[in-house]
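The values are calculated or read from the model by the stated rules, or taken from the named source; none is laboratory data. Computed from a predicted model, the values in this text were never measured in an experiment. Glycine also receives a Cβ, built like all others from the backbone with ideal geometry; neighbour counts cover every protein chain displayed.
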Amino acid sequence: MKLTEEAIYAVVTDVRSRIIDQVRVPLGSRDVSDVVTAVRDIVMDFQSGMDQPLDAVGVTVGGRVDEGEIVADSSFLQWRDVPFRSLLGAALRVPVYLDNDVVGLTKAQQWFGHGKGYSSFALLTVGAGVGYGLVINDLMIPTFLNPLSHYPVDPSGPLCPLGHRGCMTAFLSSSSITAAVSAAHGRFIEYDDVLEMARSGDAPAVRVVQEAARALGRAASAITAFTGVKRIILSGEGVHLADAARSSVDEGLSEYDTDSPLHSELIVRPMDFPEWARGAAVIAIQKTFPRSSPGGTAGSEAGAPGEHSTAVIDSE
């Protein structure tokens, strides 16, 4: 399951993370006890429609998760220091695993997605926030959200909510992009409409979208420079930005790169919220069946599990 500020996106998968069933449940309250109840009800509904027991439940949230136990800080849910895994464990009858949503999505790409077959790659997501996952030599490397999401791009750029001028969040978050274009037109404009206006030549939208796309390219270039990883998967609900202004992405990518062999290999792959929930399932799969090899296919001959089902909930 993936938890968001508005809804719970939940999927049931098999051990190869193939989606068997899925549901979206609006989140009427962000109160912790109400969310625990909502998750429990979703799991019970899934289980009632299945002829075999669920092996585990994986849950991911946007924000910092400590030691797989505590939602330390989630601005989307407005939670701080919530022992969410233990609360869910008391409410459910199956093992529960908790992690950050970008961690889950990165692991899903490593085992079953666009990172499969690559020993090293990075995942960069844009949308409500900026996310970053990193795999080097088949190992998931711990990354810290805030340094990347507030990485300085342009010292003369706009301010982010924390007061940083010209950081990634100031340029790339969907709220920053819509706020800038809405202010120019004197009315609120949705994110998808901003992109369409940019494609149609609207001057404020073109400027804002091109600046954001250039920042995205700079961030990808920095990741390659700092880690040596070339393959970078761009995703998130705001990733269509890269298609709306691809030339600006390429400008940012090569702007400070004087050694062309270091250029990042960008793979733009939009992923919807059930795909994020699938990432939570992969966390549960890896914890439940740890003998499966990373980069391979779970369920293979190397001591992998059989065809069981795993429930995952991801909240935005």
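Just one of the numbered conditions (1) free of Cβ contacts under 8 Å to residues at least 60 places away in the same chain; (2) under 17 Å from Ala284 (Cβ atoms); (3) not aromatic (Phe, Trp, Tyr) is not true of Val25; which one?
(2)
Would it be correct to say that Asp243 is modelled with pLDDT of 75 or more and either in contact with an Asp or Glu (Cβ under 6 Å, 6 or more places away or on another chain) or not aliphatic (A, V, I, L, M) (or both)?
Against the criterion (modelled with pLDDT of 75 or more and either in contact with an Asp or Glu (Cβ under 6 Å, 6 or more places away or on another chain) or not aliphatic (A, V, I, L, M) (or both)), Asp243 qualifies.
Cβ contacts < 7 Å: first residue under 22 Å from Val43 (Cα atoms) and aliphatic (A, V, I, L, M), restricted to the stretch 73-91; second residue assigned to a helix (DSSP H, G or I) and at pLDDT 95 or above, any location; separation 6+ or different chain. Result?
The qualifying pairs are Val82/Val32; Leu87/Val32; Leu87/Val36; Leu88/Val36; Leu88/Val39; Ala91/Val36; Ala91/Arg40.
Of the residues Leu148, Leu162, only one is in a loop (DSSP other than H, G, I, E, B) and at negative phi; which?
Leu162
With the requirement that a residue be within 22 Å of Gln286 (Cα to Cα) and either modelled with pLDDT under 85 or surrounded by fewer than 11 Cβ atoms within 10 Å (Cβ to Cβ) (or both), what does the stretch 137-155 give you?
Listed by number, the residues that qualify are Asn137, Pro142, Thr143, Phe144.
Test of understanding: among Pro204, Pro261, which residue is at pLDDT 90 or above and more than 30 Å from Ser17 (Cβ to Cβ)?
Going through Pro204, Pro261 in turn, the sole match is Pro204.
Can you go through Glu275, Glu307, Glu301 and tell me which one is modelled with pLDDT of 85 or more and either within 30 Å of Ala215 (Cα to Cα) or not aromatic (Phe, Trp, Tyr) (or both)?
Only one candidate passes the filter, namely Glu275.
When you scan the stretch 6-20, how many residues do you find that are surrounded by fewer than 21 Cβ atoms within 10 Å (Cβ to Cβ) and either within 12 Å of Ala281 (Cα to Cα) or not assigned by TED's automatic domain parsing to the domain that holds Leu88 (or both)?
So the answer is 5.
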